[in-house]
1. Please report 103, 97 as a ranked list, fewest other C-beta atoms within 10 angstrom at the top and most at the bottom.
2. Say each of residue 250 and residue 208 gets a label point 7 Å from the Cα, pointing the same way as Cα to Cβ; how far apart are those two points in nm?
3. What's the angle, to the nearest 10 degrees (0 to 90), between helix 290-301's Cα axis and the longest principal axis of the chain?
4. Taking the 0 to 90 degree range and rounding to the nearest ten, how far is the long axis of helix 206-216 tilted relative to the main principal axis of the chain, both from C-alpha atoms?
5. Take peptides 308-316, 158-166 and line them up by average Cβ neighbours within 10 Å, highest first, as a rough protection proxy.
6. Taking the mean number of other Cβ atoms within 10 Å as a proxy for protection, how do you rank 256-267, 128-139 from highest to lowest?
7. With n ≥ 4 as the cut-off for DSSP H runs, can you work out [θ] at 222 nm for the chain, using -39500 (n - 2.57) per run divided by the number of residues, rounded to the nearest 500?
8. For the range 67-110, what class follows from the C-alpha gyration tensor (a ≥ b ≥ c being the square roots of its eigenvalues): rounded when a/c is under 1.5, otherwise prolate if a/b is larger than b/c, else oblate?
Ligand code: SAM
Ligand code: SF4
């Protein structure tokens, strides 16, 4: 049975953050000293997550993306991924990773039938990588990129575009699509960095990123976007891969939003920009039955903000500043 929200939008996609811990300190996601992690017992256990996934799958969720923090920092992740693949109704399991610890698991990801891997990589320059992530791990991420391609795992590169940090990488990253069948996606920077917005006004909007691409590749062509896609997608004639732009700050895609989020602390978000609309962990730990959990999900899905601007307005505190590592992107 398809699941719909109060605006008639189908909901079939869950983004599940399995940890808030991370081995990088990306400029756009966390302060240099990091954020204070929640105590381990405040994180959902794998058993709790699997139960919630099973209930949501019965309600109509068929696609899951595992995210974090860095998912591979959590122990026994691969076992959990294997278990998720067996949940009735779950058709696709995807993962977003920074690639630092991922390469040794690529064989197993392939064997379990992972639907795709999104690799976060904002530059192909080792020094700039170090400046942006505040860690010197570029080589390991590069190894992961090549391992994913060698295993024919559908791969997307996520690059956040940041004024003064990596705008010179837009073309080199796009050039990857010539040689490799990857989708490179440029993301508008959002203020989810643990501190608040880096800029009075966002300069590197989706329009500006597209201008740069059009200037360098006058023959660039718009291609069809998948249903409920958050990216506008393009292809350069002759290139194997595609290039996408995600208007994450401008929020142009809310009208078809099909996704919900579960943070590592067990808070349900029905919009990236809301402050968390349901503390499902407490409900689970108070002993709720599956039927009770299902009911509270149903009620929450019927009170969804119509877009990211309304969700932001509904916050108790208006400013968005929490770290993306607690949300999962
Ligand atoms: N650690 C994993 C990784 O980096 O791929 C998964 C979690 S990370 C929070 C998920 C995605 O969110 C990454 O692709 C990252 O680039 C993106 N992200 C984090 N902070 C962001 C921000 N302030 N604006 C836009 N995207 C952001
Ligand atoms: Fe870690 Fe991912 Fe955030 Fe970078 S974007 S600090 S890799 S959670």
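1. Numbers: 103 18, 97 25.
Placing the least packed residue first, the sequence is 103, 97.
2. 1.2
3. 50
4. Relative to the chain, helix 206-216 is tipped by roughly 30 degrees.
5. On the way: 308-316: 14.8, 158-166: 20.2.
Going by the mean number of other Cβ atoms within 10 Å, highest first, we get 158-166, 308-316.
6. On the way: 256-267: 21.9, 128-139: 17.7.
Descending packing order for the listed peptides: 256-267, 128-139.
7. On the way: 10 runs with 96 residues, N = 329.
Mean residue ellipticity at 222 nm (helix-derived): -8500 deg cm²/dmol.
8. Values: a/c = 1.90, a/b = 1.68, b/c = 1.13.
Because a/c hits 1.5 or more and a/b exceeds b/c, the range 67-110 counts as prolate.
Laboratory data are not the source of any read-out in this text; all were calculated from the coordinates shown. Only a predicted model underlies this, so the values are computations on that prediction, with no experimental measurement involved. Quick reminder, even Gly has a Cβ in these numbers, built from the backbone with ideal geometry, and neighbours come from all protein chains shown.
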